[in-house]
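Structure, as structure tokens:
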Amino acid sequence: MDKLVGIEDPVAEVRDGMTLGIGGWGSRRKPMALVRALVRAGRRDLTLVSYGGPDVGILVAAGCVRRVVTGFVSLDSIPLEPHFRRARSAGTIQLTEYDEGMLYWGLLAAANRLPFLPIRAGLGSDVMRVNPGLRTIRSPYADGAELVAMPAIHLDVAFIHLNRADAQGNGRYLGPDPYFDDLFCLAAKRRFLTCERLETDLFSSGPPQTLLVNRSMVDGVTETPNGAHFTSCAPDHGRDETFQREYANTDWETFRARYLDGGESDYQQAVKR
């Protein structure tokens, strides 16, 4: 079945107040074309689940976000995402902060339709203090170990970006790390994939272990060349460090007017160097 959709179609699935999962990691392989489309659509009161980068910062600055669920929000080469940092300092957004492994475990639990999964991460740390709703359980086996019962993180919608995909929804990554994009899809009710390039014969274009998602995990596919900009999407392109510094050092209204108020084609034209 052909699952090709336009860039605005996935955004139409996101309604105010939903929980949205965004794949990638920090400032790497983020579905930024969809993030920009969300800003244009003016969604509000979203809960974002993300190993956060500029996806979180842009949506927070645009007023789209009520809560962020994350292990970090970083631009990698710039340690703290500036818009997220300012919003947290001002108290304008809520935060659920987990250990990175706990976030992974929560997505894994949701992907496997489990209410929780036991994990050692978080024990003896302030994660338990800042998340008073977390509970511990005792192993029923001879070890009797105390473990954190990490709750499943269920998503209404997931957005991910990969290097290659076909029209049926199969997707391949070509860089060094799959991150957890497959789990974002499996934890969500509706799943949308953008890619640098569509291919008709995806199964013969690379090793099978790089086929990260299959058509049963994806509801819509959009080809968005340079759609991860300004994050990296190795080996297709690296992170645009010059643009990232501009983003981090420009006031939001100026940046938005310069790059985000038009459509995706306007953005891509504006960032050509």
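Can you find, within the stretch 199-221, the residue that is nearest to Gly21 (Cα to Cα) among those that are surrounded by 18 or more Cβ atoms within 10 Å (Cβ to Cβ) and of a type in the set (Asp, Glu)?
My answer is Asp219.
Does Thr231 satisfy the criteria of being touching a Gly at 6+ places or on another chain (Cβ under 7 Å), closer than 24 Å to Ser74 by Cβ and modelled with pLDDT of 95 or more? Full working, then the answer.
Numbers: touching a Gly at 6+ places or on another chain (Cβ under 7 Å): yes; closer than 24 Å to Ser74 by Cβ: yes; modelled with pLDDT of 95 or more: yes.
When the stated conditions are applied, Thr231 passes them.
State yes or no: is Leu75 in a loop (DSSP other than H, G, I, E, B) and touching a Gly at 6+ places or on another chain (Cβ under 7 Å)? Walk me through how you get there before you give the answer.
On the way: in a loop (DSSP other than H, G, I, E, B): yes; touching a Gly at 6+ places or on another chain (Cβ under 7 Å): yes.
Considered against the rule, which asks whether it is in a loop (DSSP other than H, G, I, E, B) and touching a Gly at 6+ places or on another chain (Cβ under 7 Å), Leu75 comes out as yes.
Which numbered condition trips up Leu103, out of (1) aliphatic (A, V, I, L, M); (2) more than 25 Å from Asp16 (Cα to Cα); (3) crowded, with 17+ Cβ neighbours inside 10 Å?
Of the numbered conditions (1) aliphatic (A, V, I, L, M); (2) more than 25 Å from Asp16 (Cα to Cα); (3) crowded, with 17+ Cβ neighbours inside 10 Å, the odd one out for Leu103 is (2).
In the stretch 1-67, which helices (runs of 4 or more DSSP H) lie fully inside it and hold 2 or more residues that are within 23 Å of Thr96 (Cα to Cα)? It would help to see each step written out before you state the result.
Details: elements: 8-12, 32-41, 54-61.
Those helices (runs of 4 or more DSSP H) span 32-41, 54-61.
Which one of the conditions (1) closer than 30 Å to Lys3 by Cα; (2) touching a helix residue (DSSP H, G or I) at 6+ places or on another chain (Cβ under 8 Å) does Asp177 fail to meet, given that it meets all the rest?
(2)
Which one of these does Val65 not meet: (1) crowded, with 18+ Cβ neighbours inside 10 Å; (2) over 26 Å from Met150 (Cα atoms)?
Result: Val65 passes all but (2).
Could you give me the residue pairs with C-beta distances under 7 Å whose first residue belongs to the stretch 29-55 and is of a type outside the set (S, T, N, Q), whose second residue is at pLDDT below 95 wherever it lies, and which are 6+ apart or on separate chains?
Arg29/Gly175
Only one of Ala37, Ala12 is assigned by TED's automatic domain parsing to the domain that holds Thr224 and buried (at least 18 other Cβ atoms within 10 Å of the Cβ); which? Working first, answer last.
Working: Ala12 fails: buried (at least 18 other Cβ atoms within 10 Å of the Cβ).
Testing whether each residue is assigned by TED's automatic domain parsing to the domain that holds Thr224 and buried (at least 18 other Cβ atoms within 10 Å of the Cβ) leaves just Ala37.
Against the condition modelled with pLDDT of 95 or more and surrounded by 13 or more Cβ atoms within 10 Å (Cβ to Cβ), how does Gly91 come out, does it pass? Steps first, answer last, please.
Details: modelled with pLDDT of 95 or more: yes; surrounded by 13 or more Cβ atoms within 10 Å (Cβ to Cβ): no.
Considered against the rule, which asks whether it is modelled with pLDDT of 95 or more and surrounded by 13 or more Cβ atoms within 10 Å (Cβ to Cβ), Gly91 comes out as no.
The values are calculated or read from the model by the stated rules, or taken from the named source; none is laboratory data. Keep in mind that what you see is a predicted model, and the values were worked out from it rather than measured. Cβ atoms come from the backbone with ideal geometry, glycine included; neighbour counts cover every protein chain shown.
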